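The values are calculated or read from the model by the stated rules, or taken from the named source; none is laboratory data. Just so you know, these numbers come straight off a predicted model, no measurement behind them. We place every Cβ from the backbone using ideal geometry, glycine too, and count neighbours over all the protein chains shown.
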């Protein structure tokens, strides 16, 4: 079970990456609206970066019913005699086809017969019959203008069953089944009035369609009306211009593909095959904004544009007539422009069909995209946990760049539309999830390590190392520090009396509260040496009060030890070897502190003479009968504390003598009258002792005998009394400096 858990821990990031990759693949199959919008925006960006280039053939032109034309000729709709003039002049100028992006579904209201009928309804038609009856209908005049040039007129498909049946001039042939699964179907149709429809060479729908964000990127080349396929105006215009036969729609079941019936694949017109999606839509590759100039309709109708100028602009071209004027409400959005005349879309579609140059999202695009997503995503899921976050980020960026490059080059070089979004999403999600997984796993490990190291180092040290790993480098720095050494008296005897487990239990019960006291006073625990503790202050964090903190910690350790001696023996199951005594040595001075050891194993510790003296002071506490002994430099940093200078001692391993001081209490103890008396008597004794006045020394010592007992240093009294008595009998040499030579550590 443990091995399985370890394996899962090791494979966790990879499994997490694979799971999110599968989720992205599932979303890719669903093709959500969010993904569709992102995909379309990418394709828009490609179009803007690389718009359709001019082929130099100039196969189409646009006549625009613009604001200037409305200002010149008046409100729309114009009399169809004006449109007849427009058609006639375009035919005379050499246009191959004139395609109206207009639905002439009602008779011209300015025709003579319409005016007569209107005035008769108002009761004012007397006399009009004679003057207007012989005039030709404007619709007839318009229809007769078609004799000079092939004309294709528009029809509007409606989702409601209105109008009459739409019968294409050249009905579609179908290779396969009617693609009713995706191609839009409309039960109603608004068609041109019969005389115009009959005179026209073709009729096509003006319904282009738009995407979910209301931007037109594709044009529906076909739609279904009454179970019949009907063409888009642009497709019909090309058919008429080429004098081609019926277009052929190739359905999915007519090609042997596996899509099943009901999906369009392509439209064949003469020798051109137009790729379309399942809904019969063709992707429009737009020219850059402003790259083509439209011809103002008013310039043609009024004659402002000469025959020669008009011939130069329209000869040999399919001419689309439509409007950009606001009142015509035929403005749509494209990737290039928020408001552009719809007739320009028909012109762009016709131009692409004539040139045989298409944007295409091939039927294998999804399979390639899924393969790319799976390959790159799975590769990253396997590699990222093994190469680290930095190289992982670089590899992920490289994979994303590859996906974008494949998509862009496919568009630029082959006019293929390949979607990089799902692949980019997979790479990004796999990287983020795996990075987050590794981060949280490592954070858990760091928390575990931190909690473990909290038992060995001070919390401040652990936090600092976690924040700045460079502190684990080998080396140290010199700092002014306080060093404490604590040791249990008679530990060898304790070890002999109890089993190893019982000794360990005792040490845990003793060292835990001692360590808590040290850490509470900002100490760094250096190490445990059996029953001994080495701690220091002012590293790694600055502690301006390190001497006072060390002194207060030592005093509290003595007090807590006395408390443990009272309470621990009464607890069941606790090993406590009678009355436990400790000795503490504290010294202050310059130390070298830092990470020391080998390159493979480090220890944050300190070295220096200050540390050695602290250890010797701890050993001397046994001889002098005091619980806490500090060095002279330490005593200078503790003004106000209850202290007694003990002696000048030459410790083992040092030639220079050191002043040693007993630390007995804090400022409150120092203010007690009993301690004041003790300190005065002790100072008198020590002064007489050093000048070899043994009588005064003995008398001063004896006067404070009870105070020594009260403050727990009766052993010090006995030591000095014995030493004075010895020196009385065996006086030291005349040059004696009062320094005691310690013979043991």
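Here are the numbers for this structure:
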item	result
Among (1) under 30 Å from residue 328 (Cα atoms); (2) touching a residue at least 24 places away in the same chain (Cβ under 8 Å); (3) more than 38 Å from the chain's Cα centre (by Cα), the one test that residue 48 misses	(3)
Matching residues, the stretch 533-549, being crowded, with 17+ Cβ neighbours inside 10 Å and either modelled with pLDDT under 95 or assigned to a loop (DSSP other than H, G, I, E, B) (or both)	538, 539, 540, 543
Subset of the stretch 367-400 [closer than 30 Å to residue 265 by Cβ and free of Cβ contacts under 8 Å to residues at least 60 places away in the same chain]	367, 368, 371, 372, 375, 376
Residues located in the stretch 632-662, provided they are in contact (Cβ under 8 Å) with a residue 12 or more places away in the chain and within 60 Å of the chain's Cα centre (by Cα)	632, 633, 634, 635, 637, 638, 640, 641
Any pair with Cβ under 6 angstrom, 6 or more apart, that starts in the stretch 476-497 at a residue that is free of Cβ contacts under 8 Å to residues at least 12 places away in the same chain and ends at one that is surrounded by 17 or more Cβ atoms within 10 Å (Cβ to Cβ)	495/503
Filter result (surrounded by fewer than 16 Cβ atoms within 10 Å (Cβ to Cβ), modelled with pLDDT under 90 and over 24 Å from residue 80 (Cα atoms)) within the stretch 291-344	291, 293, 337, 338, 339
Pair list, Cβ under 6 Å, 6 or more apart: the stretch 678-696 residue surrounded by 18 or more Cβ atoms within 10 Å (Cβ to Cβ), other residue assigned to a loop (DSSP other than H, G, I, E, B)	678/704; 681/704
Qualifying residue in the stretch 463-476 (condition: at pLDDT 60 or above, farther than 26 Å from residue 539 by Cβ, out of contact with any strand residue (DSSP E or B) (no Cβ under 8 Å at 6 or more places or on another chain) and outside any helix (DSSP H, G or I))	no
Only listed residue being at pLDDT 90 or above, assigned by TED's automatic domain parsing to the domain that holds residue 151, farther than 29 Å from residue 337 by Cβ and crowded, with 21+ Cβ neighbours inside 10 Å, chosen from 185, 201	201
Residues satisfying the stated conditions in the stretch 689-711, i.e. out of contact with any helix residue (DSSP H, G or I) (no Cβ under 8 Å at 6 or more places or on another chain) and more than 23 Å from residue 648 (Cβ to Cβ)	706
Members of the stretch 726-743 that are within 27 Å of residue 655 (Cα to Cα) and assigned to a helix (DSSP H, G or I)	726, 727, 728
Within the stretch 161-183, tally of residues that are in contact (Cβ under 8 Å) with a residue 40 or more places away in the chain and in a loop (DSSP other than H, G, I, E, B)	16
Residues within the stretch 727-742 that are surrounded by 13 or more Cβ atoms within 10 Å (Cβ to Cβ) and either farther than 12 Å from residue 690 by Cα or not assigned by TED's automatic domain parsing to the domain that holds residue 661 (or both), tallied	2
Residue 520 at pLDDT 90 or above, surrounded by fewer than 16 Cβ atoms within 10 Å (Cβ to Cβ) and under 26 Å from residue 670 (Cβ atoms)	yes
Those residues of the stretch 46-77 which are in a loop (DSSP other than H, G, I, E, B), under 22 Å from residue 340 (Cβ atoms) and at pLDDT 90 or above, in sequence order	50, 51, 59, 66, 76, 77
Residue within the stretch 382-398 that is surrounded by fewer than 22 Cβ atoms within 10 Å (Cβ to Cβ) and touching a strand residue (DSSP E or B) at 6+ places or on another chain (Cβ under 9 Å) present	no
Filter result (buried (at least 19 other Cβ atoms within 10 Å of the Cβ) and within 17 Å of residue 242 (Cβ to Cβ)) within the stretch 345-355	346, 347, 349, 350, 351, 352, 353, 354
Failed condition for residue 552, given (1) touching a strand residue (DSSP E or B) at 6+ places or on another chain (Cβ under 8 Å); (2) crowded, with 16+ Cβ neighbours inside 10 Å; (3) farther than 21 Å from residue 505 by Cα	(1)
